[in-house]
1. Scan segment 459-466 and tell me whether some residue there is touching a His at 6+ places or on another chain (Cβ under 7 Å), within 18 Å of Lys394 (Cβ to Cβ) and not aliphatic (A, V, I, L, M).
2. Among the residues of segment 216-230, count how many are buried (at least 24 other Cβ atoms within 10 Å of the Cβ) and closer than 22 Å to Trp54 by Cβ.
3. Just the residues that are of a type in the set (Asp, Glu) and farther than 22 Å from Gly216 by Cα, please, taken from segment 232-270.
4. Given the conditions (1) in contact with a helix residue (DSSP H, G or I) (Cβ under 9 Å, 6 or more places away or on another chain); (2) surrounded by fewer than 21 Cβ atoms within 10 Å (Cβ to Cβ); (3) modelled with pLDDT of 95 or more, which single one is not true for Met442?
5. Could you count how many residues in segment 104-135 are under 27 Å from Lys357 (Cα atoms) and among the aromatic types (Phe, Trp, Tyr)?
6. Within segment 147-191, restricting attention to residues that are of a type in the set (Ser, Thr, Tyr) and part of a loop (DSSP other than H, G, I, E, B), which residue is surrounded by the fewest Cβ atoms within 10 Å (Cβ to Cβ)?
Amino acid sequence: MTRMASSALLLLLFVGLSSSASARFPLDASTFFAEGGGGETVYDNNDTSSGTRWAVLIAGSNNYFNYRHQADVCHAYQILSKGGLKDENIIVFMYDDIAFNRENPRPGVIINSPQGNDVYKGVPKDYTGENVTVNNFFAVILGNTTALTGGSGKVVNSGPNDHIFIYYTDHGGPGVLGMPTNPELFAGDLIHVLKKKNATGTYKSLVFYLESCESGSIFEGLLPEGMNIYATTAANANESSWATYCPGEYPSPPPEYETCLGDLYSVAWMEDSDIHNPGTETLQQQYELIKGRTANNNSESGSHVMQYGDIGLSQANLSQYIGTNDNYTTSVDEDPLWSPTKAIDQRDADLIHFWEKFNNAPGGSSRKVEARKQFVEAISHRMHIDHSVKLIGKILFGIEKGPEVLNTIRPAGLPLVDDWDCLKTMVRTFETHCGSLSQYGMKHMGSFANICNAGVKKDQMDEASAQVCVTVPSGPWSSLENGFSA
């Protein structure tokens, strides 16, 4: 095959995948923009209590093609630090394999926007590498130092008058959030930890900002009111979130960058925080601005930002959580934020990187060969996972009914699955036979949830998976070598 023919084949594969990955999930607008309240609770947006501000920042991915997640977290740290939060009260989780990665054109520097300054300098390295785990994340939230494995040992040692801000950014899927180490973070477990934190009485209010695909499913039907927890998500329970500042987008990253620099929801809340006065801007005002920008003019390259929990907490000023900003440049009423004309589905951002790397590498170079191999392997893995899940559905429910069961979307207000242990069992059973789901395969968590909701037993799933996947994938897709998602 000639070099030209090879390039054309790669392009056709990418274009076809991108069009299928951009499928929308039309729901009634009222489910997106419904107003909620915190019961009869009255919230004070000028809280002058002597409580301490705490923050937990977590990037749940690794690898250079996921550059944007660690860039998001580093930017968030700079906002909080400038706002007056002390390092002892900011706990940072990030794999820390980006700043000095051989792919990084500016060693030791991370940027979160095309003209942005370095956001990596000064960021605490609390939990890095293999210490970025679900167990450590939960231990930090609960202030449980004895449950930690590795890391700095910093935890949220909060008291009853304190305010906590948690920001998470990464890939996700229905009911699950990605982590650079296995297992992944499941919604049922996160809600259990938040309820446990609430029962200890060791915070006054907690705000959770969440960036991932299907991020609404982490709280939908799960986060109750009355816990003094307010959460916003980058997307509803059934749609992707979006990467931004990507090659080919306007504004594009500097030409030497072959990766996306940020995520649409994340840069929306952080760039808003950079220019506005958090002492007068409320969480609700920021939510409205984020919602508008992330919807991206209601285009197919946008998502619906959601609110959950005690919505009344959104009356509070941002400064209660992220500190002050004496250098604000504009008022909320004069908001200059814009929507990019194009954004990239989170799940396609790795392909964008491989494709840019392939196009920019000199002909015949080892870098070009490596990029082509990475692209083809990623496409092959996606096809394997998609085909395997679809075929398992047909075996379990029949040729005609299988796709219908797997693609069922529960009504708004209901959690993804009735039995979270069942979901984990189905995922583990699938991965035993068919290999790791990986960051792309998390999109199928809804199908595994529907299998559970339909009453399928483990032995049935085991038999169907063994029938579909005769051999277990090796290398980076091997669950036997790299562990299980659940």
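1. Yes.
2. Result for segment 216-230: 4.
3. Glu249, Glu256, Glu258
4. Result: Met442 passes all but (2).
5. Matching residues across segment 104-135 total 1.
6. Thr149
Listed here are the residues, each with its yes/no results for (1) part of a loop (DSSP other than H, G, I, E, B); (2) within 26 Å of Ser215 (Cα to Cα).
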| position | (1), (2) |
| --- | --- |
| Pro415 | yes, yes |
| Met426 | no, yes |
| Thr429 | no, yes |
| Met442 | no, yes |
| Asn450 | no, yes |
| Glu463 | no, no |
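Residue-wise test of (1) farther than 19 Å from Tyr245 by Cα; (2) assigned by TED's automatic domain parsing to the domain that holds Gly262; (3) surrounded by 21 or more Cβ atoms within 10 Å (Cβ to Cβ); (4) within 21 Å of the chain's Cα centre (by Cα).
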position	(1), (2), (3), (4)
Thr52	yes, yes, no, no
Val56	yes, yes, yes, yes
Ala59	no, yes, yes, yes
His69	no, yes, yes, yes
Ser81	yes, yes, no, no
Ile90	yes, yes, yes, yes
Ile98	no, yes, yes, yes
Glu103	no, yes, no, no
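The values are calculated or read from the model by the stated rules, or taken from the named source; none is laboratory data. Source: prediction; values computed, not measured. FYI the Cβ positions are ideal-geometry reconstructions off the backbone, even for glycines, and counts take in every protein chain you see.
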